[in-house]
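To keep things clear, I will list the structure first and then write my remarks on it.
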Amino acid sequence: MNHARIIDAHCHVFPAKIAEKATRSIGDFYDIPMDEVGSAERLLQEMDLAGIDLALICSTATKPEQVASINAFIRDTAEASGGRFYGFGTLHQDMTDEEIGDELDKIVSFGLHGIKLHSDFQRFYIDDERMIPVYREIARRGLPVLFHMGDARMDYSAPERLKKVAREVPELLSIAAHLGGYSVWDRAEILAGEENVVFDCSSSLPMLTRERALWQIGLFGVDRIFFGSDFPMWKPGEEIERVRALCLGKEQEEMIFHKNFERWIMKKV
Ligand SMILES: [Zn+2]
């Protein structure tokens, strides 16, 4: 009865065989020491510890030939989780239009709920002309895109680029991860007021002061922010505590922990 529902809207899982190596290479990329392993088993343990009901799981493909196996892995992992995982598939910019169309149909038939793209890992500009028809195809199937956002060291996932996409493809719902721009939070402000952009607060709160985080959440609208841990980057339980430490009050906390995700993504009223 006391248990408040919590959805973790940003988690990564990798097949057991490569989980350790994949986790380490993400840690190296972001220069953050990783003492976690991004496996489904570990994520379920952390969810149980932290009282998380549902986790969005995803993984990105750095080569086109990885796409089919990643999508099958996410489907299998979600299916085996007994309703604990909510799967997002992935695509790669070097696939042909036909391959992308076929893969999207598969993603829908697999029961996956959206697409995750990490343009810094995948090396494409979010607003690359090549991607515009891809976004249209995604939106046509009613799927949202979870975009990794921001990196001060490169320009692929710049907030300014997502703003262009949001306007050029108004029918696409974008989830801008990391409060709109990891390590470029100031620049993410320009995403405020875009009607088809919502946000997750993963990989942000450890780096932002309480005042700064509250200001940014207020700017985007508390009804547009999802809780996310970016597991295995951060411990879900500790990230929940970071949201609680914002002292938003029960109602706003509930919006961030589950209600916004249910309304925007799961389409529950
Ligand atoms: Zn991610």
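What the table below lists for this structure:
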{"read-out": "Residue check for residue 166: within 16 Å of the ligand (Cβ to nearest atom), buried (at least 16 other Cβ atoms within 10 Å of the Cβ), without any contact (Cβ under 8 Å) to a residue 40 or more places away in the chain and in a helix (DSSP H, G or I)", "value": "no"}
{"read-out": "Where residue 111 falls short, out of the listed (1) under 22 Å from residue 154 (Cβ atoms); (2) at pLDDT 95 or above; (3) part of a loop (DSSP other than H, G, I, E, B)", "value": "(1)"}
{"read-out": "Single residue of the stretch 1-30 satisfying the filter (assigned to a loop (DSSP other than H, G, I, E, B) and within 16 Å of the ligand (Cβ to nearest atom)) that is surrounded by the fewest Cβ atoms within 10 Å (Cβ to Cβ)", "value": "14"}
{"read-out": "Index of the failed condition, residue 234 passing every other in (1) open to solvent by 20 Å² or more (accessible area, probe 1.4 Å); (2) more than 16 Å from the ligand (Cβ to nearest atom); (3) closer than 27 Å to residue 84 by Cα", "value": "(2)"}
{"read-out": "Test: residue in the stretch 242-252 that is under 19 Å from the mean Cα position of the chain (by Cα), away from the ligand (no atom under 15 Å from the Cβ), open to solvent by 10 Å² or more (accessible area, probe 1.4 Å) and in contact (Cβ under 8 Å) with a residue 40 or more places away in the chain", "value": "no"}
{"read-out": "Output for the stretch 169-183, where each listed residue is within 16 Å of the ligand (Cβ to nearest atom) and either assigned to a helix (DSSP H, G or I) or surrounded by fewer than 24 Cβ atoms within 10 Å (Cβ to Cβ) (or both)", "value": "178, 179, 180, 182, 183"}
{"read-out": "Residues of the stretch 105-123 that turn out to be over 28 Å from residue 53 (Cβ atoms) and either more than 16 Å from the ligand (Cβ to nearest atom) or open to solvent by 10 Å² or more (accessible area, probe 1.4 Å) (or both), as a count", "value": "3"}
{"read-out": "Hits in the stretch 87-101 - residues which are free of Cβ contacts under 8 Å to residues at least 24 places away in the same chain and part of a helix (DSSP H, G or I)", "value": "98"}
{"read-out": "Hits in the stretch 70-92 (condition: open to solvent by 20 Å² or more (accessible area, probe 1.4 Å) and over 18 Å from the mean Cα position of the chain (by Cα))", "value": "72, 76, 79, 80, 82, 83"}
{"read-out": "Options 193, 237; residue that is farther than 18 Å from residue 178 by Cβ and free of Cβ contacts under 8 Å to residues at least 24 places away in the same chain", "value": "193"}
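Each row is one residue, and each column tells you yes or no for (1) away from the ligand (no atom under 16 Å from the Cβ); (2) at pLDDT 95 or above; (3) more than 26 Å from residue 38 (Cα to Cα); (4) in a loop (DSSP other than H, G, I, E, B).
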| site | (1), (2), (3), (4) |
| --- | --- |
| 188 | no, yes, yes, no |
| 215 | yes, yes, yes, no |
| 228 | no, yes, no, yes |
| 240 | yes, yes, no, no |
| 257 | yes, yes, no, no |
| 263 | yes, yes, yes, no |
| 267 | yes, no, yes, yes |
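The values are calculated or read from the model by the stated rules, or taken from the named source; none is laboratory data. Just so it is clear, the structure is predicted and the values come from calculations on it, not from any experiment. Positions of Cβ are generated from backbone atoms using ideal geometry, with glycine treated the same way; all protein chains shown enter the neighbour counts. Side chains included, ligands, DNA and RNA excluded: accessible areas come from the protein's heavy atoms. Shrake-Rupley method; radii C 1.70, N 1.55, O 1.52, S 1.80 Å.
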